[in-house]
Number of protein chains: 6
Amino acid sequence: MAELSHFDSEGKAHMVDVSDKPVTSRIAVAEGAVMMSAETLALVMEGRADKGDVLGIARIAGIMGAKKTAELIPLCHPLPITKVALELVPDEGLPGVRITATVKTGGQTGVEMEALTAVSTAALTVYDMLKAAQKDMEISGVRLTFKDGGKSGRFENP
Amino acid sequence: MAELSHFDSEGKAHMVDVSDKPVTSRIAVAEGAVMMSAETLALVMEGRADKGDVLGIARIAGIMGAKKTAELIPLCHPLPITKVALELVPDEGLPGVRITATVKTGGQTGVEMEALTAVSTAALTVYDMLKAAQKDMEISGVRLTFKDGGKSGRFENP
Amino acid sequence: MAELSHFDSEGKAHMVDVSDKPVTSRIAVAEGAVMMSAETLALVMEGRADKGDVLGIARIAGIMGAKKTAELIPLCHPLPITKVALELVPDEGLPGVRITATVKTGGQTGVEMEALTAVSTAALTVYDMLKAAQKDMEISGVRLTFKDGGKSGRFENP
Amino acid sequence: MAELSHFDSEGKAHMVDVSDKPVTSRIAVAEGAVMMSAETLALVMEGRADKGDVLGIARIAGIMGAKKTAELIPLCHPLPITKVALELVPDEGLPGVRITATVKTGGQTGVEMEALTAVSTAALTVYDMLKAAQKDMEISGVRLTFKDGGKSGRFENP
Amino acid sequence: MAELSHFDSEGKAHMVDVSDKPVTSRIAVAEGAVMMSAETLALVMEGRADKGDVLGIARIAGIMGAKKTAELIPLCHPLPITKVALELVPDEGLPGVRITATVKTGGQTGVEMEALTAVSTAALTVYDMLKAAQKDMEISGVRLTFKDGGKSGRFENP
Amino acid sequence: MAELSHFDSEGKAHMVDVSDKPVTSRIAVAEGAVMMSAETLALVMEGRADKGDVLGIARIAGIMGAKKTAELIPLCHPLPITKVALELVPDEGLPGVRITATVKTGGQTGVEMEALTAVSTAALTVYDMLKAAQKDMEISGVRLTFKDGGKSGRFENP
């Protein structure tokens with residue numbers, strides 16, 4: 001059965017020893033969405049033109065959130081992040097905003113949590129900036145879609 | 001049309017002036033879930049008995065995450081939080097873990113973002129602790145279910 | 001002679017006791033500028049239309065910086081900030097970007113340091129985002145222009 | 001025309017990908033000053049002998065500020081700083097306090113922002129500690145004077 | 001038997017609800033010591049005259065540490081600290097450095113943890129600054145000596 | 001006489017330049033204890049079975065505290081921690097809880113402060129969670145017991 005590496009043999013939580021893992025190039029991509037009414041989404045799209053820039057601010061929050069991952073997630077290792085990029089795209093089909101984050105590092109452990117934290121922080125910021133208009137928005141589909149590098153290798157979750 | 005209060009009349013982002021709002025008792029409840037396979041959920045439930053305590057650690061992360069809300073969300077006001085509680089319940093029907101957070105304050109603005117941030121941080125921590133077993137878990141249904149207090153009054157989203 | 005209130009009678013630094021000061025409404029306004037070449041300023045102004053939004057990002061950084069004041073300045077009291085707003089205005093006369101920050105609180109001590117920290121953080125962010133174009137920009141004229149509230153009352157520095 | 005590397009080809013802000021840049025030895029030096037009245041400066045100089053040590057405390061704040069750079073400046077990379085030193089020198093000619101910060105790293109990107117943040121934080125701390133004596137001090141001349149290492153090489157700004 | 005208030009009736013950790021507790025004036029005093037050889041202590045005492053100021057830097061670290069209490073201790077409430085003062089006294093009798101911290105707030109819960117965190121952070125800083133001279137120093141006797149205010153009233157531990 | 005490396009030749013504090021030190025594998029182990037009454041210790045031991053998990057929460061706090069070392073201790077270098085593990089063992093002989101922390105890095109400077117900070121943070125958390133039952137507990141014997149790696153080599157303090 002799969003082992004939960006964050007626990008030692010007695011079931012006590014620890015930050016896993018990665019001292020002997022090689023420094024390799026790693027990448028992770030995560031995505032998620034903020035579901036809202038078509039009316040609220042219209043505010044976002046309008047806003048990009050002549051009102052406040054909801055998506056631009058959420059992008060910055062997501063980038064800064066990625067840098068806070070090791071502070072937020074108890075057993076995460078601090079990592080020298082080398083790239084963070086977020087896409088926030090209004091999607092009238094949902095309706096809502098789709099968020100994708102890409103994070104890279106050259107380190108001894110992966111950046112999956114950094115990518116997921118970037119998406120979550122950006123999604124919370126979108127919620128915050130629109131909650132005066134709609135309180136029953138929903139954050140959903142937050143998941144890892146791709147990772148590569150490190151011993152466990154490539155993972156795709158299309 | 002609804003106004004986005006985080007922007008001024010020229011569309012520039014600001015932290016809204018709440019100086020003249022009264023200090024009132026406020027509460028917010030948010031929920032969400034981490035969807036996973038039945039096998040992964042079995043690890044969580046087992047873990048509570050004799051291996052690592054995934055849910056206990058995620059609960060602590062959620063409480064600490066609530067306290068970091070104003071650092072993570074650019075336009076949130078810092079607030080004197082007076083209570084944070086999280087419930088993390090394994091649900092074989094999903095299968096997955098259901099998360100609920102309740103936050104209270106006596107302040108000039110609400111704690112919706114604190115409750116949502118608590119849920120998100122706990123969900124990310126659940127993901128982190130189980131990702132060695134399953135990488136395609138998904139965080140979903142993160143939303144505000146209840147708030148009360150302040151000028152906008154009671155909100156229910158069952 | 002003026003007393004430096006951050007030191008006790010033996011010259012030892014402490015965080016001044018404000019326990020007995022009343023909670024009053026307080027405001028502070030600070031300003032500063034980032035001096036640059038006309039060419040660099042043109043990039044900023046252009047950028048607002050169809051390239052990256054330097055000033056929008058610096059505004060967010062300034063708001064978030066204000067919330068970090070008590071972490072950065074050793075003897076500052078943590079304060080429940082109730083408003084932060086920043087203006088960043090390109091000025092071809094300098095040439096450069098003029099920055100103004102307004103901060104409010106209802107607390108036992110003033111928000112001068114919060115306003116000055118907001119200006120400094122926004123100015124550093126402007127520098128960071130433009131340094132690929134010009135490295136010899138200069139941050140200058142960072143000063144308090146107005147405060148009101150509290151025992152020491154109104155201060156104007158036009 | 002110079003490119004602003006913090007924006008992608010569509011003008012969206014991102015943290016630049018430095019994954020493929022070599023780890024090299026890098027240094028940056030920044031300076032700035034806090035301008036004050038001769039009377040206020042006398043307090044600082046006296047203080048070093050038998051009252052509170054304004055400059056010693058500002059030096060510590062500057063060192064700690066350098067370590068917070070990636071938290072304050074949205075698109076800065078976290079870096080393993082290997083040295084921070086600050087000089088704070090009273091200058092009766094200004095009158096005021098001159099501040100110089102030197103920062104080193106072995107990393108994939110430079111430490112210009114760390115040096116500038118160290119100077120700014122130290123300057124704000126000087127202001128904070130002296131504001132009971134004088135409120136119209138001014139922080140000025142904050143600029144990069146030297147950097148070396150990395151692809152863009154040596155820069156001097158005497 | 002005494003109840004552990006940080007756990008609910010099912011034994012789950014939470015941040016205790018203090019919403020209905022009155023805002024009262026509270027104070028806490030904690031102490032501790034760093035035990036070292038007489039030779040190392042001589043370095044500290046000498047240092048106050050013409051070398052580095054170990055105790056002055058540890059005092060600043062203790063004050064800043066008090067402000068980080070709610071970030072470090074999972075179930076602590078964030079509190080508007082209104083005063084922090086530390087005494088660090090060389091004691092040739094130990095030999096070592098005695099540390100005392102006094103913290104005040106006007107809040108809904110006490111500042112015992114803030115005072116203890118201030119002492120611990122100052123003690124760790126003393127250790128850090130002297131460890132090049134002696135590695136087997138010891139931090140001991142960290143305890144609460146006095147508190148007052150709030151429902152549980154006065155506590156003395158001489 | 002031993003030199004205090006955190007001060008330069010004029011006695012000014014700085015963060016020591018480690019740029020030219022090799023990246024080597026380093027480990028540090030620290031220990032400490034929280035002394036309490038037999039009755040309070042009984043609560044801890046009981047708690048592990050069917051009430052709140054004091055030691056589990058303190059373990060998480062210690063791990064997260066280790067990651068905050070460079071923020072708390074003014075002259076500490078930020079380090080890429082590769083492992084943190086804590087043992088918290090009830091000891092009826094004291095009576096109290098014994099705490100041991102092991103930290104590893106591959107860096108240019110040691111992790112002694114990280115191990116000591118982990119122990120201190122865990123000890124403060126134990127105090128916080130039990131203070132409703134006993135206020136005169138004491139944290140003692142916090143010291144480095146082992147380090148290896150780096151120029152100064154192996155150190156044992158049994």
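Any read-out appearing in this document is the output of simple, stated calculations on the displayed coordinates, not a laboratory observation. Please read these numbers as outputs of a predicted model, since none were measured by experiment. Positions of Cβ are generated from backbone atoms using ideal geometry, with glycine treated the same way; all protein chains shown enter the neighbour counts.
Of note:
- Dipole magnitude of the protein assembly as shown about its Cα centre (Cβ charges: Lys, Arg +1; Asp, Glu -1), debye to nearest 20: 0 debye
- The mean count of C-beta atoms from other chains within 10 Å of the C-beta of residues in B:54-60, rounded to a whole number, is 6.
- Shielding of peptide C:17-30 by partners, expressed as the average count of other chain Cβ atoms within 10 Å per residue Cβ, is 3.
- With the charge dipole of segment C:24-149 set up from +1 on Lys and Arg Cβ and -1 on Asp and Glu Cβ about the Cα centre, the Cα lying farthest toward the positive end among the listed residues C:L88, C:G65, C:V44 is that of C:G65.
- Across segment F:22-33, coupling constants 3J(HN,Hα) worked out from phi with the 6.51/-1.76/1.60 Karplus curve, θ = phi - 60°, read x, 6, 10, 7, 9, 9, 9, 10, 10, 9, x, 8 Hz, and Gly and Pro carry x.
- Calculated from backbone phi, Karplus (6.51, -1.76, 1.60) coupling profile of segment D:142-154 in Hz, x at Gly/Pro: 7, 7, 7, 10, 7, 8, 8, x, x, 4, 7, x, 7
- Residue list for segment E:1-33, given a label point 7 angstrom along the Cα-to-Cβ vector of F:M45 and an amide N cut-off under 20 Å: E:1-4
- Cross-link pairs exceeding 23 Å in C-alpha to C-alpha distance, out of C:K12/E:K68; C:K67/F:K83; A:K67/A:K135; C:K147/E:K21, comprise C:K67/F:K83; A:K67/A:K135; C:K147/E:K21.
- Charge dipole (debye, nearest 20) of segment D:24-149; +1 at Cβ of Lys and Arg, -1 at Cβ of Asp and Glu: 460 debye
- Residue order, fewest to most surrounding Cβ atoms within 10 angstrom, among E:R98, A:R59, C:R143: E:R98, C:R143, A:R59
- Gap separating the Cα centres of segment F:17-86 and segment B:88-158, nearest whole Å: 28 Å
- Neighbouring Cβ atoms from other chains, within 10 Å of the Cβ of residues in C:62-69, number 5 on average.
- Between C:L94 and C:S5, full extension at 0.36 nm per residue minus the direct alpha carbon distance yields a gain of 28.4 nm.
- Compactness check for the protein assembly as shown: Cα Rg over 2.2 N^0.38 Å is 0.87.
- Semi-axes of the equivalent ellipsoid for segment F:24-149, computed as √(5λ) from the eigenvalues of its C-alpha gyration tensor and ordered from largest down, come to 28, 13, 12 Å.
- Highest-MSF residue in chain E out of E:V142, E:V119, E:V23 [GNM, Cα springs under 10 Å]: E:V23
- Distance in nm between pseudo-label sites at F:K135 and C:Q134 (7 Å out along the Cβ direction from Cα): 6.1 nm
- Relative contact order, whole percent, for chain D stands at 36, derived from Cα pairs under 8 Å and 6 or more residues apart.
- Chain B: DSSP helices with Cα axial extent of at least 27 Å and average Kyte-Doolittle hydropathy no lower than -1.0: B:112-130
- Residues A:I99, C:I81 arranged by fewest to most Cβ contacts within 10 Å: C:I81, A:I99
- By the count of other C-beta atoms within 10 Å, a proxy for reagent exposure, B:I27, B:I63 are ordered fewest to most as B:I27, B:I63.
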